[in-house]
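Report on the following structure.
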Amino acid sequence: MKTPSYSPWADARLTEPKQNDLLKDFEKLETDVIGEGKHEELHRLLGTIKGKYL
């Protein structure tokens, strides 16, 4: 699986397999700890706050 490039820093320092492992771990954390759909909910909230206060 090719990891999308989110960080030139990570691309320069971490192998593709390590980046894939980290991505899987973050996805598991999001599902198991934060909760399904919470990430998107927080992004919507940030958009609302940004529109209101900035």
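Bear in mind that the values in this text are calculations on the coordinates, not laboratory data. Not measured: the values here are computed from a predicted model. FYI the Cβ positions are ideal-geometry reconstructions off the backbone, even for glycines, and counts take in every protein chain you see.
Taking Cα atoms only, the orientation of helix 38-53 departs from the longest principal axis of the chain by about 50 degrees.
If you fit an axis through the alpha-carbon atoms of helix 16-29 and take the longest principal axis of the Cα set of the chain, what angle between them do you get, 0 to 90°, nearest 10? In the chain, helix 16-29 runs at an angle near 40 degrees to the longest axis. Projecting the Cα atoms of SER5, LEU29, PRO17 onto the dipole axis of the chain, where Lys and Arg carry +1 and Asp and Glu carry -1 at the beta carbon, places SER5 farthest toward the positive end.
Evaluated over the chain, the count of Lys pairs having alpha-carbon atoms less than 27 Å apart is 10 (only pairs 8 or more residues apart or interchain).
Once Rg/Rh (Cα atoms, Kirkwood Rh) is calculated for the structure shown, the corresponding label among [x] 1.06; [y] 0.96; [z] 1.12 turns out to be [z].
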